[in-house]
Amino acid sequence: MRTQPSSRLQRGSSLVEVLVAMLLMSFGVLAMTSLQAHALQHSHTTDTRARATLLGHDLADRMRANVSPSGDWSAYELTALASSSTSTTLSGACEANTACTFDEMATYDLVQWQQQLARSLPQGRGHVRSVGTHADIWVLWEDPDEAGAQAHDLCPAGLIMAAHTRCLYLRIAL
């Protein structure tokens, strides 16, 4: 006949089991906290990318609404990327119902777009190049997310950028 193990030994093994269970639970809680932090960061990145997409399409719509009489879209060329702030003031030539030329409207559209970029995106700026009946539009902004350095392949060639610059590229038909 077997003898029953002493109750003193049983208490010790159950305490070890509780400690191991608490250790496993704490690792699970740490993993969930890390997962939540990454989800919040990527949510911010997605929100910023969505705003950049909307702003890129905003300029595309502005360009399509301002039809070039000669088919020359060079008035929309924007290559000054050195500063994200726009010091150009909006002239009243194209506001309200006053008539303005194609070039005046292009300048007006670009100034408004640059101001929207600077307000809506962290260090937001833009780059526009017209090629025939198409336009290449880049929206650039700074994003401290670790994946920011991977987005340089969408940026305009020859541009000197910070390590966390993100670029969104759109090619539109005019």
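The values are calculated or read from the model by the stated rules, or taken from the named source; none is laboratory data. The model shown is predicted, which means the values in this text are computed figures rather than measured ones. Cβ atoms come from the backbone with ideal geometry, glycine included; neighbour counts cover every protein chain shown. Keep in mind that these areas ignore ligands, DNA and RNA; they rest on the heavy atoms of the full protein, side chains included. Shrake-Rupley method; radii C 1.70, N 1.55, O 1.52, S 1.80 Å.
May I ask you to verify whether residue 132 is open to solvent by less than 70 Å² (accessible area, probe 1.4 Å) and at pLDDT 85 or above? Yes, satisfied. Only residues that are over 14 Å from residue 144 (Cβ atoms) and open to solvent by 40 Å² or more (accessible area, probe 1.4 Å) were counted across segment 162-174, and they come to 4.
Sort out which residues of segment 41-83 are assigned to a helix (DSSP H, G or I), open to solvent by 70 Å² or more (accessible area, probe 1.4 Å), touching a helix residue (DSSP H, G or I) at 6+ places or on another chain (Cβ under 9 Å) and free of Cβ contacts under 8 Å to residues at least 40 places away in the same chain, and write them in order of number. If the condition is that a residue be assigned to a helix (DSSP H, G or I), open to solvent by 70 Å² or more (accessible area, probe 1.4 Å), touching a helix residue (DSSP H, G or I) at 6+ places or on another chain (Cβ under 9 Å) and free of Cβ contacts under 8 Å to residues at least 40 places away in the same chain, then 54, 65 are the ones that fit. The residues of segment 96-132 that are of a type in the set (Asp, Glu) and within 16 Å of residue 54 (Cβ to Cβ) amount to a single one, 109. Assuming residue 45 fulfils every condition listed in (1) out of contact with any Gly (no Cβ under 9 Å at 6 or more places or on another chain); (2) on the phi < 0 side of the Ramachandran plot; (3) modelled with pLDDT under 90 apart from one, which condition is it? Unmet condition: (1).
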